1. Where in the chain lies the longest segment free of trypsin sites (Lys or Arg not before Pro) that are both loop residues by DSSP (not H, G, I, E, B) and have at most 16 other Cβ atoms within 10 Å?
2. Ranked by accessible surface with a 1.4 Å probe, highest first, in what order do 15, 92 come?
3. Which residue fluctuates most in the GNM of the chain (Cα springs below 10 Å): 56, 48, 29?
4. Round to the nearest 0.05 the FRET efficiency obtained for residue 12 and residue 80 when R0 = 35 Å and r is the Cβ-Cβ distance.
5. Compute the distribution of all C-alpha to C-alpha distances in the chain, in bins of 5 Å from 0, and list the percent of pairs in each, rounded to whole numbers.
6. What is the total of Lys pairs in the chain with C-alpha atoms under 30 Å apart, excluding same-chain pairs fewer than 8 positions apart?
Amino acid sequence: MSEYKHTQIGHVIIWSLLVVAVLGAIKATFKLGPHRELLLVGIVLLITLALFYKLTITIDDEILRASLGVGVIQKRVPISHIAVCEPVRIRWWSS
């Protein structure tokens, strides 16, 4: 049984969400704004970070599996349902 596994880390989402969450926590700690709302936003951002910080693709003999973050969000596709595949290069500026 052979297996392919590749993980891509989302550095941009990690750093951007961490910076915003930390700044919000600092503002809430020193009461520089509506602290309950800032703490709530910080918690939501940290949960979002845990859910989306990486993408992992795993392929074994029967299943292609794509999972995000800690693995709560994932998609499984049986290999028998894949008709065609080819390498594709998507440039970041063409999105």
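1. It runs 32-88.
2. Descending order: 92, 15.
3. For the chain, modelled as a Gaussian network with Cα springs under 10 Å, the answer is 29.
4. Numbers: r = 35 Å, r/R0 = 1.01.
Efficiency at R0 = 35 Å is approximately 0.50.
5. The distribution over the chain is 3, 12, 15, 16, 14, 12, 9, 7, 5, 4, 2, 0, given as percents.
6. Lysine pairs satisfying the spacing and distance rule in the chain number 4.
The values are calculated or read from the model by the stated rules, or taken from the named source; none is laboratory data. Here the structure is a predicted model, which is why all the values come from computation and not from measurement. Here the Cβ is made from the backbone with ideal geometry for all residues, glycine too, and neighbour counts use every protein chain on show. Keep in mind that these areas ignore ligands, DNA and RNA; they rest on the heavy atoms of the full protein, side chains included. Shrake-Rupley method; radii C 1.70, N 1.55, O 1.52, S 1.80 Å.
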